Amino acid sequence: MPPSLSEMFRRLFNAEGQTRAARSVESFGWLDMVLGLIILIGPYWTAWLLQLPALTDQGANYLRLVGLLVGGLGMLYVVAGRLNAHGFVFASLLDRPLVPVIMAVLWYKQILSGTLALAFAVSDFGGFLWTLSAWRKDAQLEAESAPPRLVARMAAGFFGFVSGVIRNSRTFHPDGRVFRGTVRSLQPVDESYARAAEQLAGSALMRIGMGLMKKGSPLWLADRIPDAPSIAMRIASSADEITPQGPSAQCLDLLCTAGGNRLWKLVLNLATGGWMFGLHKFDYFKNLYHADVPYRIDDGKRDVWIRLVPDVETPGLPQDGPARDNGLTLAVRRHAVLRLEVQPVGNARLPFVPIAEIRFDEEIEIDQEALHFDPFAARGFEPHGFLSEVRKSVYPASVRERAASTSERNRRQEAGLSSRLAAYVEHESMSTPPRRWRKWVKLGGVLAAVAIVIFVIYLAIRLTQDRPVEYADDVLHFEYGSTGGERMDGIPYWFWIALPELFPEYLPDKKPGRGYSAFGMIYELGKDPRYDLPVGMSMRNFRGIDVVYLNCAVCHTSTVRDSPGATPRIVPGMPAHTFDLGAWGKFLTTIPTDQKFTPQRLLDQISKMQNDPHRRVDQPDLINRLIFRYLAAYLMRDQLLILGQRLSFIKKDSWGPGRVDTFNAPKALLNFPMENYADPKELIGNVDFPSIWYQGPRKGMQLHWDGNNTSVDERNLSAAFGTGAYPPTLDVDRVLRTAKWLETAKPPAYPHPIDGALAAQGRHIYEEYCTHCHGTREPPFRHDPPQSNELVGTVVPIEKIGTDRWRLDSYTWVLAVNQSTLYAGYEKDWGFDPPYPQRFSHFRKQPGYANSPLDGIWLRAPYLHNGSVPNLWELLKPEKERVGSFYRGDDVYDPKDVGFVSTVAEQDSRKFFLFNTQVPGNGNGGHTGAGYGTDLPDRDKWALIEYLKTF
């Protein structure tokens with residue numbers, strides 16, 4: 001029956017029977033309580049004392065929280081120490097040595113300052129040494145007949161659980177091959193050694209195998225995980241005395257492992273990759289095998305270390321598991337020999353002395369699960385020390401909990417983990433007598449289980465997070481809202497802002513500190529381009545990481561200025577005529593080839609930027625830093641390299657600002673063999689970004705420059721592929737919200753004066769020459785009732801329109817057929833009820849280019865589908881008189897010719913793109929002749945232009 005609360009308080013105040021170790025824990029707890037109280041009351045003074053950066057109010061509250069946690073931990077230490085709670089004292093010995101390691105990592109990653117990390121490390125490790133010393137002093141006072149130490153009992157419980165439930169086999173050395181052998185004395189000169197060697201002479205049963213992996217493990221996994229060969233040996237006077245079930249008083253069990261002559265060296269070796277202390281993972285006979293515990297021999301007169309030394313030559317150096325086993329088979333056929341050597345304890349300079357040798361006779365088949373070894377005293381060899389004491393509890397527990405035969409092991413494996421766990425719990429409850437300390441062990445187990453469950457739940461919540469940044473305003477949602485592309489193609493925010501600072505030499509202007517401005521991306525006035533997102537970038541917390549990627553506005557939003565020094569006006573929905581998508585893509589696919597693209601360099605750059613108050617998100621925590629360090633950086637590099645290779649056939653250098661090759665990238669993503677087999681005439685499909693206002697009236701029209709689709713929904717979803725929004729990642733609700741807004745979104749009015757009389761003249765000219773192809777000035781862009789010659793939203797054959805045909809030829813019938821497989825499975829016939837999205841079914845190959853409505857035409861320069869004519873005045877010239885080259889990318893408006901300034905090569909350190917109409921795909925011909933107004937007198941042309949300003 002548990003003691004009452006009053007009894008517990010009495011014990012707390014009296015501290016009866018307190019051990020030295022418990023007293024040290026109590027004292028350390030008082031120290032923690034005082035430190036926690038100081039931090040809680042005086043966070044600013046604490047920050048000054050530890051030379052931390054100046055605290056904000058939020059930072060002071062975080063520091064107070066640290067003080068509260070430290071003080072609370074101290075109180076727990078005080079109570080545990082005064083109650084003489086052995087389990088908690090032992091837990092503190094396991095916990096506190098980890099603190100300096102954690103502090104070192106946090107300091108190295110620049111998460112904590114060196115002063116604070118050192119303070120925590122020194123205090124915790126000093127407390128650990130104090131408690132450890134007190135524990136050892138208490139242990140010396142225990143009688144030899146005392147029950148097994150708590151450490152041994154806990155280890156036995158742990159390894160019994162691992163063997164019986166988790167591994168369903170031995171925790172270590174789970175499988176191997178078994179051999180018979182003969183042991184003979186080498187008759188050493190030393191009499192003590194000679195007597196010990198004579199006691200070893202006889203027969204041996206040997207099992208050789210690896211320490212960690214099991215049979216049936218994938219070969220690729222077994223060959224990559226650091227592992228160490230081991231030899232377990234049972235020695236008796238004759239073969240008849242050897243049984244697999246366990247040793248008799250006349251059998252000595254000897255366990256030896258390669259990879260280190262002490263257990264701590266072996267653990268360190270495996271933890272660091274298995275390259276130290278002469279470990280050869282794939283060759284049993286290139287290793288030295290050490291017993292790891294000292295033995296008393298010759299009636300306790302001598303204390304020695306034991307090792308086994310293979311005495312056989314093996315050809316070559318095996319490189320995998322099968323070669324290792326083949327080498328063992330060949331060595332046994334030649335009756336290979338192991339020398340058993342000893343060295344006096346306490347003098348590592350003395351050489352090992354060979355006292356016996358074990359010869360391999362033959363390989364035998366034996367039930368591996370029935371065979372178990374117990375390394376206890378026999379035949380004059382007595383293991384001793386802490387590890388031997390632990391083994392006396394651990395080995396029987398492991399044997400008791402695991403299967404007793406191979407068939408039983410297979411049955412348990414088929415039954416599954418939950419069945420093994422249930423059997424383990426039932427066995428423990430039936431076979432273990434109740435003891436007083438077990439309630440504390442159970443309490444500790446419950447607390448540990450709760451902690452594990454909480455941590456697993458936390459990870460589950462964190463790693464399943466999918467939370468985009470929300471915007472109440474529809475325009476802001478269009479400019480910064482998510483389409484879902486961050487889920488697959490998202491770039492971690494901290495990588496996004498670090499890249500232009502780490503690789504400025506690959507930027508067009510080679511200047512850091514300006515974010516992605518050099519590519520023509522737009523940053524709102526007052527925002528810091530180093531940390532803020534440009535228009536057209538969305539952000540989402542996906543699986544615990546804030547990631548960013550493109551949205552619709554990156555190609556369909558731009559700026560307009562009235563003069564070079566004027567403030568730019570951001571216009572959603574207009575073509576992104578300043579954004580050089582090709583240069584941006586080249587930047588991203590080039591930097592992974594630079595030697596600076598490493599996790600460490602990225603994290604170093606992040607550390608330089610993470611404390612700036614302009615950052616959009618919190619500093620990366622330890623979990624995210626580990627993800628960045630060991631996964632994200634490598635994954636991003638590989639994806640960018642693959643993307644660059646798959647799109648290498650596209651000539652992005654020929655695009656310039658405001659243009660893209662729309663349908664060649666989808667061919668690569670649909671696995672078309674473009675580089676070696678594509679028709680050369682389909683390799684160039686450069687076009688201008690279109691405007692996207694008034695999508696509602698456009699429903700049913702032939703969309704895209706060549707009119708290859710009549711569904712606005714399909715056109716939107718197809719374009720969303722460019723933002724990474726694929727069927728598995730599409731954020732349906734947010735894409736629909738953008739699509740709904742675009743149905744009625746309208747262009748801004750022309751901001752400069754308009755000559756009303758001249759525009760009225762131009763209206764009549766427009767109605768005569770332009771209305772039948774481009775529709776009316778206002779939505780729905782058609783007459784009511786419809787007129788017989790209305791062609792708005794229909795395709796004009798290439799032979800008639802006569803414009804550059806490269807874009808037309810780049811879109812092929814084969815691509816149209818393959819696009820009809822997109823969103824396959826999203827059909828009502830297959831049980832998919834929601835109306836959106838649905839499988840594509842409207843893509844068709846067309847013979848020409850589509851007539852588009854002219855809403856906002858004053859903002860849609862340069863003109864024609866490929867942006868080959870800089871302004872409306874040039875468009876109304878006969879094609880032979882049109883300018884042959886001009887500059888693209890300037891957002892200063894030209895109200896006279898109606899377009900953007902195209903004669904300036906450089907402005908504000910930004911070089912503009914020289915557009916050459918002689919380059920394939922850039923032709924400025926077509927849309928010329930009497931029917932297109934190019935033969936009109938200049939006064940009529942100016943009148944027409946004046947009217948077009950009103951659109």
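The values are calculated or read from the model by the stated rules, or taken from the named source; none is laboratory data. Quantities reported herein were computed from a predicted structural model and do not represent experimental measurements. FYI the Cβ positions are ideal-geometry reconstructions off the backbone, even for glycines, and counts take in every protein chain you see. In case anyone asks, the SASA skips ligands and DNA or RNA and just uses the protein heavy atoms, side chains included. Shrake-Rupley method; radii C 1.70, N 1.55, O 1.52, S 1.80 Å.
Mean residue ellipticity, 222 nm, helices only, the chain: the sum of -39500 (n - 2.57) across DSSP H runs of n ≥ 4, divided by residue count and rounded to 500, is -12000 deg cm²/dmol. Ligands, DNA and RNA left out, the 1.4 Å accessible surface of the chain is 60% carbon and sulfur atoms.
Residues of the chain were split at every exposed loop site, defined as GluC sites (Glu not before Pro) in a DSSP loop with at most 11 other C-beta atoms within 10 angstrom, and the longest piece left, sites excluded, is 471-951. Computed from label points 7 Å out along Cα-Cβ, the spacing between S419 and D621 is 3.9 nm. A Förster radius of 30 Å combined with the Cβ-Cβ distance from A370 to S237 puts the calculated FRET efficiency at roughly 0.85. Long hydrophobic helices in the chain, taken as whole DSSP H segments with a C-alpha length of 24 Å or more on their own axis and mean Kyte-Doolittle hydropathy at least 0.0: 20-41, 57-82, 114-140, 438-463. Computed from the C-beta positions of A377 and L132 and an R0 of 25 Å, the FRET efficiency is 0.30 to the nearest 0.05. Once the Cβ-Cβ distance of T464 and T567 is raised to the sixth power relative to R0 = 35 Å, the FRET efficiency obtained is 0.20. With 0.36 nm allotted per residue and the present C-alpha distance subtracted, the L631-D190 stretch has 153.0 nm of extension available. Based on C-alpha pairs under 8 angstrom that are at least 6 apart in sequence, the chain has a relative contact order of 8 percent. Multiplying the residue separation of K651 and Q600 by 0.36 nm and removing their Cα-Cα distance gives an extension gain of 15.1 nm. Plainly put, region 912-951 has a radius of gyration that is 1.11 times its Kirkwood radius, both from alpha-carbon atoms, as the Rg/Rh ratio. The modelled label-to-label distance for the pair E827/T272, using points 7 Å beyond Cα in the direction of Cβ, is 6.2 nm.
Subtracting the Cα-Cα distance of R262 and R543 from their residue separation scaled by 0.36 nm leaves 97.0 nm. In terms of the Cα gyration tensor, with a ≥ b ≥ c the square roots of its eigenvalues, is region 461-539 rounded because a/c is under 1.5, prolate because a/b exceeds b/c, or oblate? Taking the square roots of the gyration eigenvalues as a ≥ b ≥ c, region 461-539 is oblate. Surface analysis of the chain yields an accessible area of 48 Å² per residue, using protein heavy atoms and a 1.4 Å probe. A DSSP coil position with no more than 12 other Cβ atoms inside 10 Å describes the following chymotrypsin sites (Phe, Trp or Tyr not before Pro) in region 240-289: W275.
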